[in-house]
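For reference, the structure is listed below as structure tokens.
The values are calculated or read from the model by the stated rules, or taken from the named source; none is laboratory data. The shown structure was predicted, so the numbers you read here are calculated from the model rather than taken from an experiment. We place every Cβ from the backbone using ideal geometry, glycine too, and count neighbours over all the protein chains shown.
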Amino acid sequence: MRVNMDFIPVNEPLLNGNEKKYLCECIDTGWISSEGPFVRKFEDKMSTVAGRRYGIAVSNGTAALEVAVQALGIGEGDEVIMPAFTIISCAMAVTKLGAVPVLVDSDIHTWNMNVDEIEAKITAKTKAIMIVHLYGLPVEADKVLALAEKYNLKVIEDAAEMHGQTYKGKPCGSFGDISTFSFYPNKHITTGEGGMVVTDDEKLAERCRMLRNLCFRKDIRYVHDEISDNYRFTNLQAAVGLAQLERLDEFVERKRAMGKYYTGQLKDIDGLILPVERTDYADNIYWVYGIVLDKQIEADNKTVQKLLAEEGIGSRTFFWCMHEQPVYQKQGLFKEESYPDAEYLARKGFYIPSGLALTTEQMERVVMGVRRVMGRI
Ligand SMILES: *Cc1c(COP(=O)(O)O)cnc(C)c1O
């Protein structure tokens, strides 16, 4: 039996910069709520990283998507095109408003949405396309933006996994009408929980600020013309975020080095499909280091993960497809729909420890563990 200390967690964030110092400043000054001065600073800095004029920090990446979709005026019966293979936050932001997610299959190589399938899904009800960059490589945004222009659609960009990534040299988070980030601990920049909406449109930004804060009327406090949530972001979160952002370049470089190391060590193992290192428009930043089991392997991701756990190695499955979510099936959504590449990724994909605090010694152990497990199945 292994002692628990030996277990390599799937993610551990790196918090050894100015995080503690800025947090102490919050405590010493008494500024711990969303009114504190770090919030605006973090919004300014993060929106600059994304190449946007306005940043609106919210309580998490899911809230950021909800605010962004609602701010665009998407509602009852509207259709929003998005990948079948993504986190449920994307679909929830749409279904919560009574709108309908319309799904497209994945590109089996990049694991992103297959943008060539979008046009066939556009109907008179389509209001927007949601770009979701997954696992470290950006979606081919130009193709989506051209379609949006042609059919007069809005574009929401979910850049939750893309801090510091670029597409054709332009920052992720700068595409379309509105973009969102998450600062969950497994993202390149973390605030524990946290998220942000970024945009260049002043009116949209103002609307997002209202939506994150209960839609208080500006002229009279505690009077409301519409319903929204409390998605405020605290000064404590912003303190951590500012310290993290100071090291964004270093973090991206570190993630790329980890990706390169893993690929170098794992590429000769039969049955593993490893992340694509680069496409014509970007180098992978390895949000996490994903692995997909090849067709010749009969086992699914969960079987391999169980064996990895026995080796003391944490891992996590890929996302589960939207059309296979019990909650949506119960509602009669996505009946008879099938997205074979997305389904394949969901069953055969998982990721191995790839947090920023991971040591070289731990990575060596992960590689040996993967090798042993693949030898056993
Ligand atoms: C993490 C993530 C989210 C959700 O962010 P939370 O902060 O966990 O709510 C949304 N979209 C994508 C693509 C993500 O990876």
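How many residues does segment 188-203 contain that are within 15 Å of the ligand (Cβ to nearest atom) and surrounded by fewer than 24 Cβ atoms within 10 Å (Cβ to Cβ)? Walk me through how you get there before you give the answer.
First, the residues of segment 188-203 that are within 15 Å of the ligand (Cβ to nearest atom): 188-198.
Filter once more, keeping what is surrounded by fewer than 24 Cβ atoms within 10 Å (Cβ to Cβ): 192-193.
The number of residues fulfilling the criteria is 2.
Evaluate the following for TYR289: is it within 19 Å of ARG372 (Cβ to Cβ) and within 22 Å of the chain's Cα centre (by Cα)? Taking the combined requirement at face value, the residue satisfies it. With respect to the conditions (1) buried (at least 18 other Cβ atoms within 10 Å of the Cβ); (2) more than 15 Å from the ligand (Cβ to nearest atom); (3) among the β-branched types (Val, Ile, Thr), ILE220 falls short on a single one, namely (1). Checked against the criterion of being over 24 Å from PHE319 (Cα atoms), in contact with a helix residue (DSSP H, G or I) (Cβ under 8 Å, 6 or more places away or on another chain), modelled with pLDDT under 95 and outside any strand (DSSP E or B), segment 133-155 has no qualifying residue.
Of the candidates GLY271, GLY241, the single residue that is more than 30 Å from ASN213 (Cα to Cα) and not aromatic (Phe, Trp, Tyr) is GLY271. Pairing each residue of segment 121-144 that is closer than 22 Å to SER338 by Cβ and touching a residue at least 40 places away in the same chain (Cβ under 8 Å) with any residue that is in a helix (DSSP H, G or I) and among the hydrophobic types (A, V, I, L, M, F, W, C), provided the two are 6+ apart or on different chains, yields C-beta distances under 7 Å for ILE129/VAL144; ILE129/LEU147; ILE129/ALA148; MET130/CYS90; VAL132/CYS90. Checked against (1) surrounded by fewer than 22 Cβ atoms within 10 Å (Cβ to Cβ); (2) out of contact with any strand residue (DSSP E or B) (no Cβ under 6 Å at 6 or more places or on another chain); (3) not small (Gly, Ala, Ser), LEU134 meets all criteria but (1).
Considering segment 10-32 alone, what residues qualify as being out of contact with any Asp or Glu (no Cβ under 7 Å at 6 or more places or on another chain), surrounded by 13 or more Cβ atoms within 10 Å (Cβ to Cβ) and of a type outside the set (Asp, Glu)?
Just the residues of segment 10-32 that are out of contact with any Asp or Glu (no Cβ under 7 Å at 6 or more places or on another chain), to begin with: 10-16, 19-32.
This time we only want the ones that are surrounded by 13 or more Cβ atoms within 10 Å (Cβ to Cβ), so: 10-15, 19-20, 22-23, 25-26, 31-32.
Selection gives VAL10, ASN11, PRO13, LEU14, LEU15, LYS20, TYR22, LEU23, CYS26, TRP31, ILE32.
Is it the case, given these coordinates, that PRO13 is in a loop (DSSP other than H, G, I, E, B), within 14 Å of the ligand (Cβ to nearest atom) and in contact (Cβ under 8 Å) with a residue 40 or more places away in the chain? Taking the combined requirement at face value, the residue satisfies it.
Mind listing whichever residues of segment 16-58 are assigned to a helix (DSSP H, G or I) and farther than 28 Å from ASP177 by Cβ? First the steps, then the outcome.
Our first condition is that a residue be assigned to a helix (DSSP H, G or I); within segment 16-58, this holds for 19-29, 37-49.
Of everything in segment 16-58, those that are assigned to a helix (DSSP H, G or I) and farther than 28 Å from ASP177 by Cβ turn out to be GLU19, LYS20, LYS21, TYR22, LEU23, CYS24, GLU25, CYS26, ILE27, ASP28, THR29, PRO37.
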